[in-house]
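Undergrad: To start, I am sharing the structure in question, which I have written as structure tokens.
The values are calculated or read from the model by the stated rules, or taken from the named source; none is laboratory data. Since the model is a prediction, treat every value here as computed from it, not as a measurement. So basically every Cβ, Gly included, is an ideal-geometry build from the backbone, and we count neighbours across all protein chains shown.
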Amino acid sequence: MKKQKTAIKCVLFLGSFLLSLHNYSQDLQTFIEEAYVNSPEIKKYELRYDIATEKVNEANWIPNTEFTAGYFVSEPETRVGAQRARFSVKQMLPWFGTITARENYATSMADADYVEITIAKRKLALSVSQFYYQLYEIQAKQKVLDENIQLLQTYERLALTSVEVGKASAVDVLRLQMRQNELQQEKEVLAQQSKGIQATVNSLLNRDYDKEFMVMDTLEMPNEDLDLSFDALALNPELLKYDKLYESVSQSELLNLREAQPMIGFGLDYIPVSERTDINMIDNGKDILMPMVSVTIPIFNNRYKSITKQNDLRQQEIQTQKDERLNLLESELAKSISLRNQSRIKYNTQSKNLKQAKNAEEILIKNYETGTIDFNDVLDIQELQLKFQMNQIESVKNYYVQAAIINYLTN
């Protein structure tokens, strides 16, 4: 029953995390689900859990039944005849509740391994999400570069027209062309970066490294942020893992207390007896059948006392590890919230700057209509506009990356 409750909790946490990602992109969720199915790492943890589950069946055992047989080389004589051999069978049984304690301990270890599966899936989902948003950033930047190259080509045609009427220099045309070359170079560099990231994502999904990884065209900055509470960290599987480990040590101690109890044995001896030929008497040659009961008492029990002390120290260690991990998760959450908020501030600032840059561009175009235009100003405005657009894309990407980390930590 405990294991079922644990499984339900973990599924709910994971489902909440995927639901948050679903709000960002249906395609992203599809990639994450594909990673769950194909990832060798997830399969590794699932096999580890299967092994741990099978150990519950292994725990249901009792000591081997002991069979012995002996033959009297020199047959001892008794009143009813000579003893020829001895056959014995003995079975030792653990103290009451020992087998159940073993099963409970094995179950608690399996529960801890199940949480490891949940943690591995969440980390995999986070990795896929981060690479997904990086690919979105590259794709969006390439689109902006294409738009700016087309804009520069328009300016180049204006400059050529101005050169013909003597209102611009051929140098202006060359500078516009050189700027186009630079933007084309940036675009090609981004394409190579995209290939490297796609190969990494494909390895996570366990598919061909060069398979194309498509991302959505547009990511919008959300209008508002979700309310967050640091109390939600208590439900993070990375912390639940320590609770399961603590419980497994408790079960280990219960098992240790059971194993420190006596063991009871039951047996039976059978001795065949030869008939006496020199005399006829009652029970002549009657075989001997002797039931037996034995008890093993752990008089020297320092081993069990030591295990009890080790278990106590182990629980203290686990609690310390949990506290340390909680502090680290709190620090990571505070950092991610700060970076997410910074991304929104930067995005808003770049939006204002971009609007002003477009206004400046419109002024330049109007000046051209009146017959005057400074192509140095054109290049300056274009560079500023491109810078603001790139920064805006990075802000959106950073916002979603930090949101994915926050989801990992709190859902």
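Undergrad: Of (1) within 25 Å of the chain's Cα centre (by Cα); (2) not in a helix (DSSP H, G or I), GLU247 satisfies all except one. Which?
TA: (2)
Undergrad: Considering the stretch 291-315 alone, what residues qualify as being basic (Lys, Arg), surrounded by 11 or more Cβ atoms within 10 Å (Cβ to Cβ) and over 16 Å from GLN261 (Cβ atoms)?
TA: ARG314 - this is the single residue of the stretch 291-315 that is basic (Lys, Arg), surrounded by 11 or more Cβ atoms within 10 Å (Cβ to Cβ) and over 16 Å from GLN261 (Cβ atoms).
Undergrad: Inspect the stretch 130-140 for any residue being surrounded by 19 or more Cβ atoms within 10 Å (Cβ to Cβ), of a type in the set (Phe, Trp, Tyr) and over 49 Å from the mean Cα position of the chain (by Cα) and give the result as yes or no.
TA: Within the stretch 130-140, none of the residues are surrounded by 19 or more Cβ atoms within 10 Å (Cβ to Cβ), of a type in the set (Phe, Trp, Tyr) and over 49 Å from the mean Cα position of the chain (by Cα).
Undergrad: State the number of residues belonging to the stretch 222-279 that are in contact with a helix residue (DSSP H, G or I) (Cβ under 7 Å, 6 or more places away or on another chain) and among the polar types (S, T, N, Q).
TA: 5
Undergrad: When you look at LEU254, is it of a type outside the set (Phe, Trp, Tyr) and in contact with a Gly (Cβ under 9 Å, 6 or more places away or on another chain), yes or no?
TA: yes
Undergrad: Quick check on the stretch 381-396. Is at least one of its residues assigned to a helix (DSSP H, G or I), touching a residue at least 60 places away in the same chain (Cβ under 8 Å) and basic (Lys, Arg)?
TA: There is no residue in the stretch 381-396 that is assigned to a helix (DSSP H, G or I), touching a residue at least 60 places away in the same chain (Cβ under 8 Å) and basic (Lys, Arg).
Undergrad: For the condition surrounded by 12 or more Cβ atoms within 10 Å (Cβ to Cβ), closer than 28 Å to MET92 by Cα and β-branched (Val, Ile, Thr), what is the one hit in ILE337, ILE288, ILE318?
TA: One residue alone meets the criteria, ILE288.
Undergrad: Residues being of a type outside the set (A, V, I, L, M), modelled with pLDDT of 85 or more and within 30 Å of ALA85 (Cα to Cα): count how many of those fall in the stretch 257-285.
TA: Here the count works out to 7.
Undergrad: Scan the stretch 29-82 for residues that are of a type in the set (Ser, Thr, Tyr), surrounded by 11 or more Cβ atoms within 10 Å (Cβ to Cβ) and in contact with a strand residue (DSSP E or B) (Cβ under 9 Å, 6 or more places away or on another chain) and jot them down.
TA: Selection gives THR68, THR78.
Undergrad: On the given criteria, is ALA360 closer than 30 Å to LYS244 by Cα, touching a helix residue (DSSP H, G or I) at 6+ places or on another chain (Cβ under 8 Å) and not hydroxyl-bearing (Ser, Thr, Tyr)?
TA: Against the criterion (closer than 30 Å to LYS244 by Cα, touching a helix residue (DSSP H, G or I) at 6+ places or on another chain (Cβ under 8 Å) and not hydroxyl-bearing (Ser, Thr, Tyr)), ALA360 does not qualify.
Undergrad: Turning to a different aspect of this structure: Looking at (1) free of Cβ contacts under 8 Å to residues at least 24 places away in the same chain; (2) touching a Lys or Arg at 6+ places or on another chain (Cβ under 9 Å); (3) part of a helix (DSSP H, G or I), find the lone condition where THR68 falls short.
TA: So THR68 meets the others, but not (3).
Undergrad: Looking at LEU158, LEU190, LEU145, which is the one that is modelled with pLDDT of 95 or more and crowded, with 18+ Cβ neighbours inside 10 Å?
TA: Just a single option satisfies the conditions, and that option is LEU145.
Undergrad: Suppose the filter is surrounded by 14 or more Cβ atoms within 10 Å (Cβ to Cβ), free of Cβ contacts under 8 Å to residues at least 40 places away in the same chain and more than 26 Å from ILE119 (Cα to Cα); does GLN261 pass it?
TA: Judged against the criteria, GLN261 is not a match.
Undergrad: Next up: Checking the structure you have, find out if any residue of the stretch 347-370 is surrounded by 16 or more Cβ atoms within 10 Å (Cβ to Cβ), of a type outside the set (A, V, I, L, M), touching a residue at least 60 places away in the same chain (Cβ under 8 Å) and not in a helix (DSSP H, G or I).
TA: No, every residue in the stretch 347-370 fails to be surrounded by 16 or more Cβ atoms within 10 Å (Cβ to Cβ), of a type outside the set (A, V, I, L, M), touching a residue at least 60 places away in the same chain (Cβ under 8 Å) and not in a helix (DSSP H, G or I).
Undergrad: Conditions: (1) under 30 Å from GLU41 (Cα atoms); (2) buried (at least 18 other Cβ atoms within 10 Å of the Cβ). LYS123 meets all but one. Number of the miss?
TA: (2)
Undergrad: If I ask for residues that are out of contact with any Lys or Arg (no Cβ under 7 Å at 6 or more places or on another chain) and within 30 Å of ALA69 (Cβ to Cβ), which ones from the stretch 249-265 would you list?
TA: Correct list: PRO262, MET263, ILE264.
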